[in-house]
Amino acid sequence: MFIGFKDEKSLVQALAKIKGEKLTFATVDRYRAGELKVMGPAKAAPRTTIVSDIKENPESLFRVLLLAEALRRAGAKKLTLVAPWIAYGRQDRVTKKGEAPAGLFVARLLARAFDKIVTLDAHSPEFRAAFDGRLKNVLMTPACLPSGFRQSEVVVAPDYGAVGRVKLFARQLGTGTALVRKKRTAKGVKSFMALSDAKKIQGKRVLLVDDMTDSGATLAAASEQCRKAGALAVNAMVSHIVDSENLMRKYGGDFDGLQAGYNHKTGKLLDGIVKLLT
């Protein structure tokens, strides 16, 4: 059985359809004082899957935990959570004294509530490890890409954090790699490309790969460096995009093509990603 929330209807339906599973929706209400009330079915299937993002609003996490508890009480023996996006993953370490590493706390809460958690491209090794072996981390593959993207000749990391993903894509596509570096100046962050990497992409079709883009500024700066180095075309592929419409208004001209595995604003997953998550 697949179960989710009505405000994420398209996401739940897409995953349930490809598995051919029975689909139902939880009821979310409030008591008069404002406390959240979540109702699942009176009887749950022994193997039940909740489909829901864990968004930045803490209520998103809390309602999933409440639903998991309701399903356990209704007879679910094995509970799986499919959450394409789990927020707080970037808070995976303490950077200042007195700070709580929210991502690690969220991971531990979910690991206690579920037997298995499936997500798309969790942010870091530290975040993934906090799930105590219960996380299945799904990564994009070149098979998820449009055919034009798969003709790329060099895969480029827009910053150092994307190097691991870029190497994976390059191995599968049989291409070389390059890196756009950053340095902090008095005027802010400046992107640049080493001469050795610039030579690799001159006259080549380039694919930028990253896990997430919010404002799009990092991707746009990387695209600018690739253009300066003489790239023939620059496409970009990210696992998560927060607001594609706003990004395209600001930076659409910087890319020949832009694809996201999961669009947070619309709830749309690439077909290939849907199959991987299920």
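Rule-based calculations on the coordinates, nothing more; no lab input. Quick caveat: nothing in here was measured; it's all calculated off a predicted structure. Glycine also receives a Cβ, built like all others from the backbone with ideal geometry; neighbour counts cover every protein chain displayed.
Miscellaneous remarks
- For region 142-267: relative contact order, % (alpha-carbon pairs under 8 angstrom, 6 or more apart): 23
- Taking Asn57, Asn235, Asn263 in turn, the Gaussian network model of the chain (Cα-Cα springs below 10 Å) assigns the largest fluctuation to Asn57.
- Distance in nm between pseudo-label sites at Lys183 and Phe62 (7 Å out along the Cβ direction from Cα): 4.8
- In terms of its C-alpha gyration tensor, region 133-278 has a prolate overall shape, because the principal axis ratio a/c (a ≥ b ≥ c, square roots of the eigenvalues) is not below 1.5 and a/b outweighs b/c.
- Per-q log10 I(q)/I(0), region 211-252, q = 0.23, 0.27, 0.35 Å⁻¹ (Debye; single scatterer per alpha-carbon; no solvent): -0.77, -0.98, -1.25
- Region 2-138, dipole about Cα centre (Lys/Arg Cβ +1, Asp/Glu Cβ -1), debye to the nearest 20: 440
- Rounded to the nearest 20, the Cβ-based charge dipole of the chain about its Cα centre (Lys and Arg +1, Asp and Glu -1) stands at 440 debye.
- Pairwise label distance in nanometres, Ser215 with Asp29, each label 7 Å out on the Cα-Cβ vector: 4.4
- Helix-only arithmetic for the chain: the sum of -39500 (n - 2.57) across DSSP H runs with n ≥ 4, divided by the residue total, places the mean residue ellipticity at 222 nm at -9500 deg cm²/dmol.
- Subtracting the Cα-Cα distance of Lys17 and Ala100 from 0.36 nm times their residue separation leaves 26.0 nm of extension gain.
- Computed FRET value (nearest 0.05) for Lys167 with Glu69, which takes r as the C-beta separation and R₀ as 51 Å: 0.80
- Choice from Thr80, Thr177, Thr95 with maximal GNM fluctuation in the chain (Cα, 10 Å cutoff): Thr95
- In a DSSP loop and with at most 14 other Cβ atoms within 10 Å, the trypsin sites (Lys or Arg not before Pro) in region 1-101 are Lys22, Arg32, Lys43, Lys77, Arg90, Arg93, Lys96, Lys97.
- Pairwise label distance in nanometres, Arg249 with Thr141, each label 7 Å out on the Cα-Cβ vector: 3.8
- Region 1-160 shape via C-alpha gyration tensor axes, a/c threshold 1.5: oblate
- With 21 Å as the limit on Cα-Cα distance, the pairs of Lys19/Lys268; Lys6/Lys55; Lys55/Lys250; Lys22/Lys78; Lys22/Lys77 that go past it are Lys55/Lys250.
- With at most 10 other Cβ atoms within 10 Å, longest stretch of the chain clear of loop GluC sites (Glu not before Pro) (DSSP): 100-278
- Using only side-chain charges placed at the Cβ, +1 for Lys and Arg and -1 for Asp and Glu, the dipole size of region 142-267 relative to its Cα centre rounds to 500 debye.
- When both region 68-135 and region 14-38 are represented by their alpha-carbon centers, they are found 19 Å apart.
- Gain upon complete extension [Lys43, Gln202; 0.36 nm per residue less C-alpha separation]: 51.1 nm
- If you run the Gaussian network model on the chain, springs between alpha carbon atoms under 10 Å, then out of Ile201, Ile18, Ile241 the most flexible one is Ile18.
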